[in-house]
Amino acid sequence: MRQTTVPLALFLAACTTGPLNGTTYSGATTAGASFTFEGYVDHPNELISVQVLSSPTADPTLDSSWAQIATAHSSTNPITLSADPSNPLYAWTVTAVPAPTGFAGWPLGGVLRTRGVSTDPTNGNTRILTTFDAPTFSQCFGAAYAAGETWSAIGTNCTGLGYGMVALVSTGKTPLALPSNQRPDWLGYKSDSTTSATEAYYQSWNAPANLTAFKQAYGFTSSDPTATYYNDGDLGIGREMHCHGGANGSVACYVTNYSANGTAEFGDDPATVLANAIAHTDKFATVAMVFTQPANTPNSVKFVVYGADDNRSDTARLDTAGVHTSVPNNCLECHGIDSLFLGGQVNANAKFLPFDPYSYKYSTQSSYTLDAQQEQFRKLNALVSQTSLTTAENDFLAGLYAPNSVTTPGAFANDSYVPSGWQSSQGQALQSTYLGIVKVGCRTCHMSATNPALDFMSSDDWSPTTVTTIRKYLCQPAAASGSVKHPMPQAERTTQKLWESGARGLLVTGWTGSDGFDACVP
């Protein structure tokens, strides 16, 4: 990861506060898009040069790689803090077009890097202005400002991944828009099995033949916790979830899936789909899971799918492509990323997943808002915690309900969890990586890993080799031939969410490589 060479005392004495690193732009073309660049310096009437990297693959450490697109001068009106009255700052702002017509350095769907350079009027020295990250700056600055910290302390605490660069991320094109032979092979990591193999798997653990029989077999009652939501993070469908704790430590859950018209559609309008889920209309499938003792043994976690008619099904469609529908293979894509379906059994690495209430969308009807369902989610997560979870899953549940616990009645979930392995007191670079990349496109599935190197609980998991793979999997342009076609994330919806976020800009500025993928285009 890139390391800063700017003295800590200068972090907020010369900075860019907008755009923030990882800012997204959704226009149909990047040419001519304008942005307001702004920040602060420690001298009045100081010259600011706003610059753009001449090409995505140019060396950003060379001044010759940067082209000026606008200039500004800082204000003559000082801004002071009560905790730091002797060190005033002066604001600057200018509107600029980082990719004018004819400039090829910001392809649609790609990443563009900018920076600000100031000239000290007292000695003529130049300096690159410090930058901050979109996922962390507002909260960090607000907390530091409220605590009465000095400008330099605020800068020390809040500086981000860019270390002088701001990445603007075009979301106007994603891998979903590629020709069919260039799109990712979503849900393809676990390969496919035959319907006869699925039937044999079902028979091996006596999977109930229909949904009614499943509910009866595992003792579901009307008092079991339930929640209705739009799964925005990885599927894009309406869901009604039920879980039940049974005898001998078993836990069973089933979730009925809803779309706008009762077919296997994904990404439909959330309001329409949620209304259908609440009314129990237009369902297209139900997916069920069971945990039984002894834990951590083959088939201790089991999967079964029921169709719209509530009868057992050998397939489950989880995206618009519909290429990989095998059961339990496509379940294992996320419920145990290092699990296997082999010899008619699911090995011991299959896992339940915690519910993340903040990755969903909700109805505005009073009984179905997030607040109205917080206790239901806590109860659901309390049941999940009784299954055999990974270290990362247990840590997530602890952080989700801190300072309480998942077993504390009435405890609300929070959205501030960052594992200790991604926290640092020197700036927000690690926190931004976790919140802006891992949380957006990796966490839900990677926390199911039994292999600690794959659970992404710590920045140590992002070794140089891992970062090289991540950059390749996310940023290498797809082609009609070849095996690398944006294979991560493995879910279509998660791919869309990541590519419509600023994650690629954070990756390019904070986790550098010499692979030539810094444009990070589809």
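The values are calculated or read from the model by the stated rules, or taken from the named source; none is laboratory data. This one's a predicted model, so the numbers in the text were calculated from it and none came from an experiment. Here Cβ is always computed from backbone atoms with ideal geometry, including for glycine, and neighbour counts include all displayed protein chains. Note: areas computed on protein heavy atoms with side chains; ligands, DNA, RNA excluded. Shrake-Rupley method; radii C 1.70, N 1.55, O 1.52, S 1.80 Å.
Things worth noting here:
- Single residue of T114, T119, T95 found to be open to solvent by 50 Å² or more (accessible area, probe 1.4 Å) and not small (G, A, S): T95
- Close contacts from region 109-129, counting a first residue that is within 30 Å of T495 (Cα to Cα) and at pLDDT 95 or above and a second that is basic (K, R) and not in a loop (DSSP other than H, G, I, E, B), with Cβ to Cβ under 7 Å and a gap of 6+ residues or different chains, come to V111/R504.
- Members of region 351-384 that are in contact with a Phe, Trp or Tyr (Cβ under 8 Å, 6 or more places away or on another chain) and among the aliphatic types (A, V, I, L, M): L370, L380, V384
- Note on region 46-75: residues that are assigned to a strand (DSSP E or B), out of contact with any helix residue (DSSP H, G or I) (no Cβ under 7 Å at 6 or more places or on another chain) and not β-branched (V, I, T) amount to 9.
- Long-range neighbours under 7 Å by Cβ, at least six apart or interchain, first residue over 16 Å from N231 (Cα atoms) and at pLDDT 95 or above within region 363-375, second in a helix (DSSP H, G or I) and open to solvent by less than 90 Å² (accessible area, probe 1.4 Å): Q365/I278; S366/A372
- Within region 292-318, the set of residues being assigned to a loop (DSSP other than H, G, I, E, B) and closer than 16 Å to G238 by Cα comprises A308, A316, R317, L318.
- Where S463 falls short, out of the listed (1) more than 12 Å from the chain's Cα centre (by Cα); (2) surrounded by 21 or more Cβ atoms within 10 Å (Cβ to Cβ): (2)
- Residues of region 419-456 that are in contact (Cβ under 8 Å) with a residue 40 or more places away in the chain, under 15 Å from the mean Cα position of the chain (by Cα) and over 18 Å from M488 (Cα atoms): Q431, S432.
- Residue in region 280-291 that is among the charged types (D, E, K, R) and assigned to a loop (DSSP other than H, G, I, E, B) present: yes
- The one condition in (1) open to solvent by less than 20 Å² (accessible area, probe 1.4 Å); (2) among the small types (G, A, S); (3) assigned to a loop (DSSP other than H, G, I, E, B) that A321 fails to fulfil: (1)
- Hey, L353 modelled with pLDDT of 95 or more and either basic (K, R) or surrounded by fewer than 23 Cβ atoms within 10 Å (Cβ to Cβ) (or both) or not: yes
- The sole residue among Y202, Y189, Y229 that is surrounded by 14 or more Cβ atoms within 10 Å (Cβ to Cβ), among the aromatic types (F, W, Y) and modelled with pLDDT under 95 is Y189.
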